[in-house]
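Right, one structure below, let's go through it.
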Amino acid sequence: MEFRKITWDNFIECIELKVSPDQQQFISSNQHALAEAYIASDEGQIIITFAVYKQERMVGFISMYYDDGDGNFEYSSYGIFKMMIDHRYQGQGYGREMVEQAIAYARSAPRGEAKVVELTYKPENVPAKRIYDSLGFQLTGEELSCGEVQAVLTL
């Protein structure tokens, strides 16, 4: 699996990726996520977006961020803001592989070192919960107003 920069050459393909109908309640469109990334970046946040490829085939999308904790390593993090696998490629282990790749990306510290990888998800999204649990993410006990829960993995 490879994370590649989103360019004019793959932008349309990326925004046309879709999750299965039963997962649409858990995630916004890639177009929405790219617009959010643009605005957040314009406001000074470090947002990282990638098209996700498996053997030259785009299979998904991931949006991450980096927070240096205002210079305090104890509060530094990489976050998985959004990830999705296109409906045509679900059930093939790509979701887990994508999270593993995101963890490896965070460990490589391309934007700076961090203490944790964090993410949020809706508890009823059982496939996502299984992946996160199996990779060692721990719930923080924090529940967001949107009904999502937060989980972290110490690097």
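For this structure, a couple of remarks:
- Residues considered: Ala104, Ala109, Ala128. Of these, the only one that is of a type in the set (Gly, Ala, Ser), surrounded by fewer than 17 Cβ atoms within 10 Å (Cβ to Cβ) and assigned to a helix (DSSP H, G or I) is Ala104.
- Among (1) modelled with pLDDT of 95 or more; (2) under 22 Å from Ser28 (Cβ atoms); (3) outside any strand (DSSP E or B), the one test that Val117 misses: (3)
- Hey, Glu43 open to solvent by 70 Å² or more (accessible area, probe 1.4 Å), under 16 Å from Met1 (Cα atoms) and without any contact (Cβ under 8 Å) to a residue 60 or more places away in the chain or not: no
- Of the residues Tyr65, Tyr38, the single one that is in contact with a strand residue (DSSP E or B) (Cβ under 9 Å, 6 or more places away or on another chain) and part of a strand (DSSP E or B) is Tyr65.
- Odd one out for Gly60 among (1) free of Cβ contacts under 8 Å to residues at least 60 places away in the same chain; (2) part of a helix (DSSP H, G or I); (3) within 22 Å of Ile6 (Cα to Cα); (4) of a type outside the set (D, E, K, R): (2)
- Checklist (1) more than 15 Å from the chain's Cα centre (by Cα); (2) of a type outside the set (S, T, N, Q); (3) more than 25 Å from Gly44 (Cβ to Cβ); (4) modelled with pLDDT of 95 or more applied to Gly147, failing item: (4)
- Yes/no for Glu13 being charged (D, E, K, R) and over 18 Å from Glu148 (Cβ atoms): yes
- Considering residues of the stretch 1-22 that are assigned to a helix (DSSP H, G or I), of a type outside the set (Phe, Trp, Tyr) and out of contact with any strand residue (DSSP E or B) (no Cβ under 8 Å at 6 or more places or on another chain) only, the residue surrounded by the most Cβ atoms within 10 Å (Cβ to Cβ): Ile15
The values are calculated or read from the model by the stated rules, or taken from the named source; none is laboratory data. All values derive from a computational prediction rather than experimental measurement. Heads up, the Cβs are rebuilt from the backbone with ideal geometry, glycines too, and the neighbour counts pull from every protein chain shown. Keep in mind that these areas ignore ligands, DNA and RNA; they rest on the heavy atoms of the full protein, side chains included. Shrake-Rupley method; radii C 1.70, N 1.55, O 1.52, S 1.80 Å.
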